[in-house]
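Structure record follows, encoded as structure tokens.
The values are calculated or read from the model by the stated rules, or taken from the named source; none is laboratory data. Remember, predicted model here, so these are calculated numbers, not experimental data. Here the Cβ positions follow ideal geometry from the backbone for every residue, glycine too, while neighbour counts run over all protein chains shown.
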Amino acid sequence: MFESLKHWLENLDEESQLFEHADSEVIHIALASLLYHIIRSDSVENDNEKQEFKLIMANEFQLSDQQIMVLYSYVKTLKSDLKSDLLTVNDYLKDNPNLRMMLMKKLLQLIAVNGVNNEELNIFYEAMAVIFPDIAKKLTDS
């Protein structure tokens, strides 16, 4: 029993990152784009949302402020599809339910910055349907 606990504690740092291949530009762009979908959903971008965006990207990928702002500017010009971004993010997520929940928590962090609106909730529910399809199916079946 103590050996399994020791192993779990040793691996805790290794599993703190949500994504496989976290150095890949593809996941950087997909997550940034997903976050930007939330930011622009109410047609207002503000400094609080940008700050939360920066925190999430810095924590996940250890990017500098300059790299994050270049990425922010880039995804701002993209006409990406929310579903495609969600599928890409999901493909890179580690196969760990706890880490998947952490992603959902990060989305909620950004959504909660200026109060929640229906468009943001719709993005959250769509993310949940992709990240946790079994749970989403159970909720719609009820």
Of the residues 14, 3, which is modelled with pLDDT under 95, farther than 22 Å from residue 113 by Cα and part of a loop (DSSP other than H, G, I, E, B)?
-> 14
Would you confirm whether any residue within region 78-93 is surrounded by 14 or more Cβ atoms within 10 Å (Cβ to Cβ), touching a strand residue (DSSP E or B) at 6+ places or on another chain (Cβ under 7 Å) and not polar (S, T, N, Q)?
-> yes
Which numbered condition residue 85 misses (of (1) modelled with pLDDT of 95 or more; (2) more than 13 Å from residue 27 (Cα to Cα)) | (2)
Report yes if some residue within region 80-91 is in contact (Cβ under 8 Å) with a residue 12 or more places away in the chain and not in a helix (DSSP H, G or I); otherwise report no.
-> yes
What number of residues within region 94-108 are of a type outside the set (A, V, I, L, M), surrounded by 13 or more Cβ atoms within 10 Å (Cβ to Cβ) and part of a helix (DSSP H, G or I)?
-> 2
Out of region 89-142, which residues are in contact with a helix residue (DSSP H, G or I) (Cβ under 9 Å, 6 or more places away or on another chain) and modelled with pLDDT under 85?
-> 135, 136, 137, 139, 140
Residues within region 23-69 that are part of a loop (DSSP other than H, G, I, E, B) and without any contact (Cβ under 8 Å) to a residue 60 or more places away in the chain, tallied | 6
